[in-house]
Amino acid sequence: MLALKSLSKHFGGVRAVDGLDMEVGKGEIFGLIGPNGSGKSTTVNLICGVFPVTAGEIRFEDRDITRAAPHVCLAAGIARTFQNIRLFGHLSVWQNLWVAQNGMADRRTSGFLHRWFAGSGRARADVERLLEFAGLGGKAEELAANLSFGEQRRLELARALAAKPTMLLLDEPAAGMNMEEVAQLRERLMALRDDGKTILLVEHVMELVMGVTDRIAVLNFGQKIAEGTPEEIQNDPLVREAYLGAPQSAGDGHA
Amino acid sequence: MDDHLVGVLSNIGMISFIALSAYLLLIVGEISFGQQAFFAISAYASGIATAMWGWDFWPGLAWGAAVAAAAAVLVGIPTLRIRGLYFSIATLAFAEMVRLVFEVFKYQVEIDGEMVGPDGSDGFRDIRYIFENDITAVEYMLMIYGLLAAVLCAFFLLERSRLGSIFRMIGQDPVLAQMQGIDVTAYKILALGMAGLVAGIGGGLYAHLTTFVEPKIFNVMLGVHSLAYGLIGGLGTAFGPLIGVAIDIGFLESIRAISGYRMIAFGGLVAVLLIFRPRGLLDEAAVNWIRLRLRRRHA
């Protein structure tokens, strides 16, 4: 579904991503892990067109999106969340979702007034459903800035979903969450997979990555050093050395 | 109603248009020091239409506002590609340019043996439509407030619409807005055109109230004030800039005992608010809080 072919991004002399080959299959939850600065977020930013690619190719559903702008990638069906929460804090929760849903050149062609003022009935129902899914029922009229940290993270997820993507790029969605919230996030990701979404999950929280992904790629210094199922990755000596740290601490998973 | 009060209220109403115009651009995240240019353009254009071409008032006003909006769009196409401070400076430069053009702009025709029309730095006299048609000061004030009410209604509809949400999104995080498929530059040009139209309505009203316009009144202080009104009153609702105008014109300028201290008080007020309430008295959070309260009471 998503294929990266010898993808590279250099910032001056720094090779943030260096010849990365990766393929994410349809309906998969694919984990992308690695130490800080290993190029995970850069990869996400390359895929959705925020940074221009230095070399290599990105294909999505057999389309070349290597040089596509962010909104073109979104229209193609790739939505993302941000490592640092990025919401429209001055707008209500409802407005954040409503505009995200319609952002794309309005494929729905209900009447002008409906489209611009209240949103069609179907759009409204979609937003309600997203609020329910993200556990934000009853918060629709709050300003996004007034939500708690966990709620803002869930709103980001809901907003990504509002654009009806086929693929989600989640950049550290569990950062700063407690165990209970991580468990809820895991449930949500499972539900999304069952719904047919493909997910690329960049994450440091190993409980989540190991528990939810089908396959994992490990980056170090911009290069892929391992790929496989969670079990294979956990037992890979290279990964242990580069990422999970010394052998005696590998068991607790956090490193 | 006494004349002074009518004059003050008319002034508040007129200045409210240019304040709303600057407010609209603040919503999309741009600081314009040049809204007085569109106010001026419409003052001249509508004055020319009624005093020299013999048009009626309403078509003249509409024409003035339309010219101002068109000028705003034309200015917006090159300037909105630059952002932030650079945009602010470009608007300031444009406004000064417009003022200097009016300093040398001469276009006069003979009407009843008298020369009528803009006469460079001597200004444009005898925009006498209101007098010639026996419209009283109170009637004219009501016309101003009728138009203001209509424009306010348009603003409230805007805030409820998707367009309003898009404007606020662009104001808060243009990069994120762009990622969501919003053509930021196009929407900003639209906002600038709408702001030009609103400033233009005010300018046309102004020319016909004072019957006389001269270039130097459209100086940068008018633009700075109209910006400050939104920043004082708040950027959460279109009532915000109106509160700013009411405080400045209605209180500081119009009460004789304190009018000498106007700029001191006004400057201090802006400074204090920028520290304690950077988005004004009625900012987004305050407006949402009020909205939720009202809804709860009704429910």
Open item on the list: Given points 7 Å out from each Cα along the Cα-Cβ axis, report the B:Leu292 to B:Trp58 separation in nanometres with one decimal.
Closed with: 4.4
Open item on the list: In Å, what Kirkwood hydrodynamic radius results for the protein assembly as shown from the alpha-carbon pair distances?
Closed with: 26.5
TODO: Excluding residues on the same chain fewer than 8 positions from A:Lys197, give the lysines whose Cα lies under 23 Å from its Cα.
DONE: A:Lys5, A:Lys26, A:Lys40, A:Lys164
Open item on the list: Between B:Arg277 and A:Lys5, how high is the FRET efficiency from 1/(1 + (r/R0)^6) when r is the Cβ-Cβ distance and R₀ = 45 Å? Nearest 0.05.
Closed with: 0.30
TODO: Take the alpha-carbon positions of chain A, form their convex hull, and give its projected area averaged over all directions (one quarter of the hull surface) in nm².
DONE: 13.9
Task: For the protein assembly as shown, calculated [θ]222 nm from helices alone, where every DSSP H run of n ≥ 4 adds -39500 (n - 2.57) - done: -16500 deg cm²/dmol
Open item on the list: Using the Kirkwood formula on the Cα atoms of the range B:56-145, what hydrodynamic radius do you get, in angstrom to one decimal?
Closed with: 16.0
Open item on the list: How charged is the neighbourhood of B:Leu292? Take every other residue with its Cβ under 14 Å from the Cβ of B:Leu292, and add Lys/Arg as +1 and Asp/Glu as -1.
Closed with: +3
TODO: Work out from phi, with θ = phi - 60° and the Karplus expression 6.51 cos²θ - 1.76 cosθ + 1.60, the ³J(HN,Hα) of each residue of the range A:14-19, listed in order in whole Hz, and give x for Gly and Pro.
DONE: 7, 8, 5, 10, 9, x
Open item on the list: I need the calculated FRET efficiency for the pair A:Ile85 and B:Ser259, taking r as the beta carbon distance and R₀ as 30 Å, to the nearest 0.05.
Closed with: 0.05
Task: Whole-Hz ³J(HN,Hα) from phi, Karplus 6.51 cos²θ - 1.76 cosθ + 1.60, for the range A:79-88, glycine and proline x - done: 10, 9, 10, 10, 4, 9, 3, 9, 10, 8
TODO: Please list the equivalent ellipsoid semi-axes of the range B:138-236, computed as the square roots of five times the alpha-carbon gyration tensor eigenvalues, in descending order and whole angstrom.
DONE: 30, 17, 12
Open item on the list: At 7 Å along Cα-to-Cβ for each site, give me the label-to-label distance between B:Ala93 and A:Lys26 in nm.
Closed with: 5.4
- [ ] Using label points projected 7 Å from each Cα along Cα→Cβ, tell me how many nm separate A:Asp62 and B:Leu74, to one decimal.
- [x] 5.2
TODO: Return the FRET efficiency for the residue pair A:Phe149, B:Cys153: r is the Cβ-Cβ distance, R0 is 30 Å, and the value is rounded to the nearest 0.05.
DONE: 0.20
TODO: Report Rg(Cα)/(2.2 N^0.38 Å) for chain B, keeping two decimals.
DONE: 1.01
Task: Over chain B, relative contact order from alpha-carbon pairs under 8 Å, at least 6 apart, % - done: 32
Task: Contour excess over end-to-end distance, with Cα ends at B:Ala137 and B:Met115 and 0.36 nm allotted per residue - done: 5.3 nm
TODO: Please get the size of the charge dipole for chain B, origin at its Cα centre, with Cβ charges of +1 on Lys and Arg and -1 on Asp and Glu, quoted in debye to the nearest 20.
DONE: 1700
Task: Amide H partners (placed H, <5 Å) of B:Thr211, local residues excluded - done: none
Open item on the list: Quick check: the angle from helix B:84-104's long axis to the longest principal axis of chain B, C-alpha only, nearest 10 degrees?
Closed with: 10
TODO: Quick one: check the C-alpha center-to-center distance for the range B:97-117 versus the range A:25-48, whole angstrom.
DONE: 66
Task: Mean projected area in nm² (Cα convex hull; one quarter of hull surface) for the range B:1-83 - done: 6.8
- [ ] Specify the inter-centroid distance of the range B:204-265 and the range A:174-197, based on alpha-carbon positions, in whole Å.
- [x] 53
Task: Charge-dipole axis of chain B as Lys and Arg at +1 and Asp and Glu at -1 on Cβ define it, positive-most pick from B:Ile111, B:Ile170, B:Ala207 - done: B:Ile170
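Bear in mind that the values in this text are calculations on the coordinates, not laboratory data. Everything numeric here is computed off the predicted structure, so don't read it as measured data. No Cβ is skipped: glycine too gets one built from the backbone with ideal geometry, and neighbour counts run over all protein chains shown.
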